[in-house]
Each structure stands twice: as C-alpha cells, then as structure tokens.
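The structure appears right after this line, and notes come after that.
Each value in this text was obtained by applying a stated rule to the coordinates, not by laboratory testing. Computed from a predicted model, the values in this text were never measured in an experiment. Positions of Cβ are generated from backbone atoms using ideal geometry, with glycine treated the same way; all protein chains shown enter the neighbour counts.
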Amino acid sequence: MMPGSDTLFERRPAAAALRSRAYQMETVQALLDYWRAGGGNPLVDLATGTGKSVCIAQVIDLVLTEWPDMRVLVLVHVKELVAQNVKALLRLRPNAPVGINAVGLGQRDRHAQVLFASIQSVYREDGYSLGKRDLVLIDEAHLVPKSGDGMYRTLVEKLRERVPDLRVAGFTATPYRLDSGRLDQGDDRLFDRIVYTYGIGDAVRDGWLAPLVSKATLTGFDLSGVARRGGEFVEGQLQAAVDQIDVTKAACDEIVALGRDRQSWLAFCAGVEHALNVRNGLRARGIAAETVTGETPAGERDRLVAQFREGRIRCLTNAMVLTTGFDAPGVDLIAMLRPTLSTGLYVQILGRGTRPVYPDGFDANEATPEERRVAIAESVKANCLVLDFAQNVLRHGPVDALTPTARSGPARAAPEMAVKPETVRAKACPHCSTLVGLDEYACTAPGCGFEWERPVPKHDPVADAERPVMQGAPPPPPDPWVPVTGMGAARHVKRFEPEAPPTLRVEYACGFVSHAEWVCFEHRGVARAKAEKWWRDMRGRQPAPASVDEALERLEDGELARPSHIVVKREGQFARVASRRFAPDELARVRAYAPRSVTEREDAAWWRVLGLDPFAHEDEVRAAFRRLAREHHPDHGGSHAAMTNINRAYVEGLRAASPTDVPF
C-alpha cells in the first residue's frame, strides 16, 4: 500500500467486521458455485443500496483465504467508489494487502496483491505494469460496453495477454445498456450470465430498502418534436423542449406543494441550464437549493454533496451526475424532470431514493424483515416520493417489475432496454394521483381505497387445445407458523466423513414432528458467515462461537432465545427452517441474560464442567476435580454454587470412567 493510505482508510479491529446479510451470502455462494462448475465471467444484479461493496469484500476475503496467492483488481469509475470498496474490505479483513490507484485520491499503487483502481487511472497501463491479475471485479458493471474498445474492455484484454485464464465478475443494479441490450447476451459480450438477482422489490419486501411512492403531476412536457438517437432522446433537443420558463415555474410550484412534508429533495434535470433554472425557481420560492453538474469542480461538488447530506441544502438539482456512486440515505423526494427511454437510467434514478433511515438505536441486522419494515414505516423516512413530471413511470412501469432474473431462478420476462415514447405501463389513481401498474385494480396509496372496475371475464365455449387453463398461477399461500414445543442441540459429525469439520445440529420439536438444521461454526467462507447470521438471528451475543463446543456451552447456558414458532419450507424431499418467531418474554429474558461460568451450571454435562473429554480416564477426572476444587472452593474465595456443581460433576465423571460403582 502506498504511504499515507492508512490515514485515508482506517484499518479497524476484527470486532468491527462486516455483518453478512442472507442475500449477500447467497451472492457470494452463487459466484463460487458458478466458478467451481467451470464458469467464466459472471454478473451479479443487486439493487442500489443493498451493499455491492460488502459482497465484493466478501468475495475477496474468501479468495484470499482459499487461494492466498491470488491477485485481484477491483475497478470502478469514480473515486468515491474506490474509497467505499476499500473501507468495506478493511472492515472485513483489516490486514488485507490493499493498494489504491486513483488520481482523485492521490495514490498510484500498481503492485499490491489486491488493487482498487479507478478505470480512468489504469486503463492505459500495459498488461504487465499492474502485475499478474487472476481476478477482476467491476463495480457498476453496466458501464462496460458489450462490445468495442472501451476503457474496461481495453484493460481486460491487456491483462489477458499475461493471464489467459483471467476471470471477470461484474456487479450492477442495471445489467443492461441502452445502446446494446443486456450485458450477458450477444456474441461479443464480456459477461456470460447473470448468476444472482436481488431487486428493489426483494429488498423492500425484506426491509432493507425504503419503498417508493409515485405521484402523477399536473405539469408535463411536450416531447413531440424531440428526435431519438440510439434509442434515447437527443440531448440538446430534449433540454430545449423541457426547459421552458412557464413549465419550470409550474413544476417548481408542484415540487414545493407536494414536498412540503419532505426534507431532502433530489431533482434530475435534462441539462445543465435546466438544472440551474430549476434551482433558481426553487430558491425564488424560499427553498435552499444548489446544483451539481459535470462542470462543477470536484472540491465544490464534494462540499455541496456534504451539505446536502447534512440537511443544510434541501434540494440538489443535477444534470446526470448523481445517478451512480451517490449515497444520501435521507433523500425522501425525487423530482424526475428528465424524460428517458432508457430502462437502466430510470432504475438508477429511482435507486437514489430507496436507502432507508432506521430509527436511532435500531439494529437492522438483528431484526426480522417484518421488524425492519415496521421500523422504516415509523422512521423519519417512511418512503420516498417520486414526482413523475417526465412520465417515466408511465413509460417504464413499476420499477420492481423490471429486474431481470438470474438464469438459475424462476423464468421471468426480461425488460426492454429502451421503450418507445408512447409506451404506457402505469396509470394514475383519479383520487390521489398515485401511479400504479396497469394490472393493479386497487390504489396502493395508504388510506386511498380507490378501486378500478375489474373486467368481466368472458366465457368462450369453444374448446382450444392450445389455450392455457390459467393465464397465471395464483400466488402460493404463505407457509404456516408451526408451534415449537422444545429445542435441543448436539455436536454432529458426518458418518462417512469423520475428518470433516463438525457441525451443530439444532432440533426443534413441533408436536409429534421434529425439524433440524445444521450450523457450521467450524467451516470457512460462506458456511461460517451463515453460522454467524444464525447466531445473530437467535439473539446470541457477539462474537459468535468459534467452535461447536463453545456454541453448545453458550446455548446450554441460556444465551440464545428459543423460538416459539418456526416456518418450515419444503425443498424437494428436504425441509429447511426458514423463519423463527420469539415470544416477548423470551426476548426479554435474553436481553437480561448474564453469562454464567460452566462450573455453576447444573444442566452442564459433567465433562464440560470438568473441562474434559466425555471418555476421560478416571485419573483425569480426579486430577480435574482437584484443580477445580483449589480454584473454586469457598475457603479460597469461590462460590458454594460452583463447588456444589463441581462435586456433582466429579461423582458423575467417576461413574462414567470407573468400571465399578463409586464407593460412596
């Protein structure tokens, strides 16, 4: 690492390590499965705000653990993402061999084992100056052209001259380009396939993102004279059509009226002049507003963005510079004043408003999806309001219906990369102006209640062998919550693989049926991360156990909450525990839990109390008893409870170790 980098990126202790979410662990697992199956260059589709930098850090951590000599290059397009990705890795792996090559950060390392770089700073390098690179990870991969000689592809081809078997993985929220379609399709594509998808709708459902609500506006734009080129509106003609004095005044009036209860506004405009005029219009109405464009000096832009995040600027207007690499969780209003035919741009714009602001003291990683959704609803940002002056929602439809699915997932139609100006995929509620999908028959706005008249189904008595019996399968009923009558755990070793790491087998008694799950505390990589998540879900204290024996000891001491109900999902001939529910008094007990020494726990096995193997010899039992008696005898400052329990364990240990009865 270059000198001075430790001052930019703090190397935190392991206690501050990142916590993995379920979909992040699934992302890493999908990448590993693809590579282990012989795959080449996978693509990951993760919604904005769901932590692509965390997934990248987890991939690097696993790679360095499994293959310590592997050399990794992480490419991004802005310095902010360089800093964000470096910090994520150092939180997960404080001593990672990290280097930075980004002119904007004043660092030009070329030789670190894990090199984070802005593409503008390194794409002119030859295939040898950056050293051997086995794996390239690209953040915001939708910026990679599907074919041609762009910066990313130029550098990748140079690196392949030295490492022909180079692997490339891309991470993006929009896996398609306006000019060339999906990134995983076509003969000249760099990426082979999408291996994992987690969209905005998924993240809102799980409580990781705030929901979006959209209003149709009275103000609109006349785009009849605007030409199209490459599937998008011609920029100069678009700004001329949109940036009309009367239209801008009317739009500013609506923004102020509809945003009166919103605190942080982001306006996407059709050009620099348009952004400045919208800013001036809002200022004239008493709103603290500023503008950021591609012409704004870097230092000035950083200052304005910082003030916007702090709440000192209420509205930030921009001309296509805050669509990627911009993070301001407080944004609760988006004014779309820039019409677009690009599905990717539409998704990127809306992604700026989905980051949640949880209440102070709320730990989202310790909560259930329902608890997270409730926390968001009760926070200062229950949702983000989208004002669709540009009619983008009408053209593209609901944003959660646009996410392409990984090929391994359920089939779903891929979205068009660009739509026609006259396309209509949403409708406005006549009562409250909320925009909903065309296939919705009830307004989704809270408290509205308006319903559209449903079409009367027509019966055609003529049989048709090619006509499906149903247009679409009804959604499956939710899995029931099963009451738990008991819970137990034991150390588990595979019968035919005794050398494999042991696991913790947890069994839930549900009446006459039991359900089990296996927790891999002594495994590495994704399995270990899943074990840590299970421990957090069960309300265990941090850090998570390092071994199965430690987990058993802490579980038996009462550290974990015992669920009152579970949800069991069937997957083929197997079943897995998908969710757990805890009674309020059980959660209160766990919060008040104070760890006890194993020597004081009457329910602990004798060999645990004595610190021995279950098959210890009689001499070992006696030696352990003498040692513990010296430490815990009340005459030496110990407790009566501990000494009583040690005596109990000693008697049981002698019975287990001696071939004859204990003589007392």
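Compactness ratio of the stretch 606-657: Cα Rg over 2.2 N^0.38 Å, N = residue count?
Cα Rg divided by the expected 2.2 N^0.38 Å: 1.05.
Amide H of Ser579: which non-local residues (sequence gap of 5 or more, or other chain) have their own amide H closer than 5 Å, using H built in the peptide plane?
Excluding prolines and chain starts, which carry no amide H, the hits are Val567.
Order by neighbour count: Leu43, Leu350, Leu64, fewest other Cβ atoms within 10 Å first, most last.
Leu64, Leu350, Leu43
What are the ³J(HN,Hα) couplings of the stretch 38-43, residue after residue, when phi is run through the Karplus curve with 6.51, -1.76, 1.60 and θ = phi - 60°? Round to Hz, x for glycine and proline.
x, x, x, 10, x, 10
For the stretch 111-249, what mean projected area does the convex hull of the alpha carbons give, in nm²?
The directionally averaged projection comes out at 12.7 nm².
Report the convex hull volume per residue for the stretch 5-199, counting only C-alpha atoms, in Å³.
113
With 22 Å as the limit, write out which pairs from Lys215/Lys381; Lys79/Lys381; Lys533/Lys569; Lys530/Lys569; Lys87/Lys158; Lys52/Lys87 have Cα-Cα distances beyond it, or answer none.
In this structure, Lys79/Lys381; Lys87/Lys158 lie more than 22 Å apart at Cα.
Along the positive direction of the dipole of the stretch 5-199 (beta-carbon charges: Lys, Arg +1; Asp, Glu -1; about the Cα centre), which of Val63, Tyr123, Gln185 reaches farthest?
Final value for the positive-end residue is Val63.
Per q in 0.19, 0.20, 0.21, 0.22 Å⁻¹, report the Debye log10 I(q)/I(0) for the stretch 190-252, using one uniform scatterer on each alpha carbon and no solvent.
-0.85, -0.85, -0.86, -0.88
With +1 on each Lys and Arg Cβ and -1 on each Asp and Glu Cβ, and nothing else charged, work out how big the dipole of the stretch 25-82 is about its Cα centre, in Debye to the nearest 20.
For the stretch 25-82, the charge dipole is close to 160 debye.
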